[in-house]
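Enquirer: Have a look at the structure that comes next, please.
Rule-based calculations on the coordinates, nothing more; no lab input. Because the structure is a prediction, the values reported are computed rather than measured. Note that we place each Cβ from the backbone using ideal geometry, even for glycine, and neighbour counts take in every protein chain shown.
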Amino acid sequence: MASGHILKEVKDGVATVTLNRPEKLNAFSGTMAAELYGAFAEYDQNDEVRVIVVTGAGRAFSAGADLSGGGNTFDADARAERRERPAPAIRPWNVRKPIIAAINGPAVGMGITLPMQWDIRVAAESAR
């Protein structure tokens, strides 16, 4: 499932995952969740990856949950994308590699509670 809600790159043992919905301030969607947890699982199994860094594209880290679904936003069974994708591949606390949040701008709701599950949080001066 490659919709581009995240970007991935590995260089010199560092896997960089970029939340990639800058036009929506990286609002967190079910698709983004599936892609992010899939990347965590992939990198957890890759011996060349020593650390995972997650950041946001554009001016925000994440505006939180994507509320464009209206009343069904938090009703997982009502959302087609939830029914069509498998459960998350791995939870962050089960990843053997350190996960670092590089918070490069506003982090709201899920945009800050998700990094609280990770190992290290580094915030730029532009973070709010």
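Enquirer: Quick one: which residues, 5+ away or cross-chain, put their amide H under 5 Å from the amide H of V54? H built at 1.01 Å from N.
Expert: For V54, the qualifying residues are V17, I100, A101, A102.
Enquirer: What distance in nm lies between label points placed 7 Å from Cα along the C-beta direction at D12 and R121?
Expert: 2.7
Enquirer: Residue separation times 0.36 nm, minus the C-alpha to C-alpha distance between E42 and N94: what's the value?
Expert: 17.5 nm
Enquirer: Relative to the present Cα-Cα distance, how much length would full extension add between L67 and R50 at 0.36 nm per residue of separation?
Expert: Gain in length upon complete extension: 2.7 nm.
Enquirer: If you don't mind, there's one more thing I want to ask. Treat the count of other C-beta atoms within 10 Å as a stand-in for reagent exposure and order D119, D47, D66 from fewest to most.
Expert: D47, D119, D66
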